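Read the structure below first, then the notes.
The values are calculated or read from the model by the stated rules, or taken from the named source; none is laboratory data. Being a predicted model, the structure only gives us computed values, none of them experimental. Cβ: placed from backbone, ideal geometry, glycine included. Neighbour counts: every protein chain shown.
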Amino acid sequence: MGKSTGFLVYPRAKMQKRPVQERVRDFFEFEAPLTDGELIRQAARCMDCGVPHCHTFGCPLHNLMPEWNDWVYRGRFREALQVLHATNNFPEFTGRICPAPCEAACTLALEEQAVTIRHIEWRMVEIGWEQGWIQPHKPAVRSGKRVAVIGSGPAGLAAAQQLARHGHEVVVYERMVRIGGILRYGIPDFKLEKWVIDRRLEQMRSEGVVFEPGVEAGVDLSFSYLRSHFDALLLASGATAPRELEIPGRDLDGIFPAMSYLTHVNSAVAGERIDGSFIDARDRRVVVIGGGDTGSDCVGTARRQGAASIVQIEILPEPPSKRAQDNPWPTWPHILRTSSSHEEGCRRLWGLETTAFIGQNGRVTAIEAVSVDAAGGKKKKIKILADLVFLALGFSGTETDSLFEQTQWAVDERGFISVDSHGHSSRNGLFAAGDCVSGPSLVVRAIARGRQTAAGIDRFLGSGR
Ligand SMILES: Cc1cc2nc3c(=O)[nH]c(=O)nc-3n(C[C@H](O)[C@H](O)[C@H](O)COP(=O)(O)OP(=O)(O)OC[C@H]3O[C@@H](n4cnc5c(N)ncnc54)[C@H](O)[C@@H]3O)c2cc1C
Ligand code: SF4
């Protein structure tokens, strides 16, 4: 523990964000990393707890916060980075976009404000890149074994990097034009600029990982081809099949699943060719159905496109501003959160169930909803004018239907792939990791699952490390 009284002397730093008026005019990241002086003060707040709940309970990767905070406080950033990379392949992703369950579980959060773990992680890894400390780790020995990874989201990427470092030959197949999964096509640039992914992919290429974008497994490559050309197969295909809203008027123009909208705009921001007509919220009245994070990303994106108005509606009642009694520390707090996108201008309505889309000449012009009380009873009917509607109702499962038919994976009762604790599925040599196993989750959990499954594959291939 660097400074025993650190948490008493230094307050938690406030996140520095670009002013709203400036940031809504572009898609660049809205948040600024800590300065180096502030970084050391913030690390000094860590109490090196006997039972560090940040590490044991909060973080799915079991990042070693007490250790790295101590190194940072001493100005030994290189050692801090080594400890950070020991458990996390991509701290530059989690440092930017993780909701930080570690901070919710930090002991300081009981009475005080948590250590700003995410910002320390973010600045540390950026120092690593600036100093040239992050270099390829080429394996000393090659195993001669081949692994195909299907899907290039955080789970597939983490597994691919681990396997390549163990000396296996790894090919990552991705059906989209570029590598990165939801990091690339779901999460908007204002939360994660895409050069951040490209920089890490360069390191992975130097480590021997081969990327094959634009290839859909099960369609462009059959399961039997993959089976005969690889010693093990890892499915990391995500869970982005949208949950639908089967109500009158759903077939009207102007209604899109959130992920289609976000993929569309992220592709446009990257200068990719867009299929079909461009979904543009400029001067439109936008309604986002679904009060979660994906909905919030639609809000921020529509705001940057110049929407005339944005309303986000949620079927559940407004959450409390503080933890409820049955939601104690160190569990994740189910409280009202205001995202950066909400700060940028959006009306939020709670306890509303959408019952119909209303339209004219084949295009949506409004939605109809009824207010729902806490007991599920329906009351008042309201109408909200809308030219564009985004459905952010969550995800119902995986999208790899043709591959599923060919492989006949065993799935659990929710439709996600069943695996054992090493990520091994019901079929010999077939592994799965990430959202296609857990259901829609977080980047940090996908990285954790990718790493665990890579260890399982490595064992299966017999290198036994
Ligand atoms: C809009 C949005 C915003 C989010 N924001 C955050 C956030 O801020 N912080 C956070 O922690 N989490 C966030 N999440 C959740 C997080 O992104 C996911 O939990 C995570 O990306 C899952 O990783 P994955 O590798 O399992 O799958 P994915 O990232 O979904 O990647 C799966 C990849 O597999 C590819 N694929 C599928 N089938 C095939 C096939 N047959 N052949 C080849 N390729 C295939 C897909 O194209 C995709 O690229 C967000 C999710 C969404 C939808
Ligand atoms: S719980 Fe908080 S104070 Fe304790 S070790 Fe973790 S980061 Fe430091």
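When the helices (runs of 4 or more DSSP H) confined to the stretch 147-208 are screened for residues that are over 20 Å from Phe431 (Cα atoms) and under 19 Å from the mean Cα position of the chain (by Cα), those reaching at least 1 such residues are found at 182-185, 195-206. Set side by side, the residues Glu121, Glu112 differ, and just one is within 16 Å of ligand 2 (Cβ to nearest atom), outside the structural domain of Arg445 (by TED's automatic domain parsing), modelled with pLDDT under 95 and in contact with a helix residue (DSSP H, G or I) (Cβ under 9 Å, 6 or more places away or on another chain), which is Glu112.
Within the stretch 390-430, work out how many residues are in contact with a Phe, Trp or Tyr (Cβ under 8 Å, 6 or more places away or on another chain) and at pLDDT 85 or above. So the count comes out to 13. Residues satisfying the criterion are absent from the stretch 78-85 (criterion: within 13 Å of ligand 2 (Cβ to nearest atom), polar (S, T, N, Q), part of a helix (DSSP H, G or I) and over 23 Å from the mean Cα position of the chain (by Cα)).
Can you work out which of the residues in the stretch 434-449 that are near ligand 1 (Cβ under 7 Å from one of its atoms) and among the hydrophobic types (A, V, I, L, M, F, W, C) is nearest to Ala155 (Cα to Cα)?
So the residue we want is Ala446.
Of the residues making up the stretch 17-43, those that are out of contact with any Pro (no Cβ under 8 Å at 6 or more places or on another chain) and among the aromatic types (Phe, Trp, Tyr) number 2. Scanning the stretch 11-59 for residues that are in a loop (DSSP other than H, G, I, E, B), touching a Cys at 6+ places or on another chain (Cβ under 9 Å) and within 16 Å of ligand 1 (Cβ to nearest atom) turns up just one, Cys59.
Conditions tested, residue by residue: (1) on the phi > 0 side of the Ramachandran plot; (2) in contact (Cβ under 8 Å) with a residue 60 or more places away in the chain.
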residue	(1), (2)
Gly276	yes, no
Thr294	no, yes
Glu314	no, no
Asn327	no, no
Glu343	no, yes
Glu353	no, no
Val364	no, yes
Ala369	no, no
Gly377	no, no
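Across the stretch 61-76, the number of residues qualifying as within 15 Å of Ala158 (Cβ to Cβ) and crowded, with 18+ Cβ neighbours inside 10 Å comes to 2. Identify the residue in the stretch 439-465 that is among the small types (Gly, Ala, Ser) and surrounded by 20 or more Cβ atoms within 10 Å (Cβ to Cβ) and, among all such residues, is nearest to ligand 2 (Cβ to nearest atom). So the residue we want is Ala448.
To keep it simple, each residue is scored yes or no on (1) within 23 Å of Ala159 (Cα to Cα); (2) of a type in the set (A, V, I, L, M).
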| site | (1), (2) |
| --- | --- |
| Arg78 | no, no |
| Val83 | yes, yes |
| Phe90 | yes, no |
| Thr94 | yes, no |
| Pro101 | yes, no |
| Ala105 | no, yes |
| Leu110 | no, yes |
| Ala114 | no, yes |
| His119 | no, no |
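Looking at Gly351, Gly377, Gly362, Gly394, just one residue is in contact with a strand residue (DSSP E or B) (Cβ under 6 Å, 6 or more places away or on another chain) and surrounded by fewer than 16 Cβ atoms within 10 Å (Cβ to Cβ), and that residue is Gly362. Just wondering, is there one or more residues in the stretch 20-36 that are modelled with pLDDT of 95 or more, among the hydroxyl-bearing types (Ser, Thr, Tyr), outside the structural domain of Trp329 (by TED's automatic domain parsing) and out of contact with any Asp or Glu (no Cβ under 8 Å at 6 or more places or on another chain)? No, the stretch 20-36 has no match at all.
Could you grab me the full set of residues in the stretch 87-105 that are near ligand 1 (Cβ under 10 Å from one of its atoms) and free of Cβ contacts under 8 Å to residues at least 60 places away in the same chain?
Within the stretch 87-105, the subset near ligand 1 (Cβ under 10 Å from one of its atoms) is 93-94, 96-101.
Residue satisfying the conditions is Ala100 alone.
Checked against (1) at pLDDT 95 or above; (2) within 16 Å of ligand 2 (Cβ to nearest atom), Leu183 meets all criteria but (2).
In the stretch 1-10, the residue that is nearest to His342 (Cα to Cα) out of those that are hydrophobic (A, V, I, L, M, F, W, C) and part of a helix (DSSP H, G or I) is Phe7. Look through the stretch 106-121, keep the residues that are surrounded by fewer than 24 Cβ atoms within 10 Å (Cβ to Cβ) and outside any loop (DSSP other than H, G, I, E, B), and return whichever of them is nearest to ligand 1 (Cβ to nearest atom). So, considering only residues that are surrounded by fewer than 24 Cβ atoms within 10 Å (Cβ to Cβ) and outside any loop (DSSP other than H, G, I, E, B), the one nearest to ligand 1 (Cβ to nearest atom) is Arg118.
Within the stretch 192-212, is even one residue in the same structural domain as Ala432 (by TED's automatic domain parsing) and more than 28 Å from Gly128 (Cβ to Cβ)? Yes: the stretch 192-212 contains one or more residues that are in the same structural domain as Ala432 (by TED's automatic domain parsing) and more than 28 Å from Gly128 (Cβ to Cβ).
Take the conditions outside any helix (DSSP H, G or I), at pLDDT below 95 and not aromatic (Phe, Trp, Tyr) and apply them to Val141. Does it pass? So Val141 passes the test.
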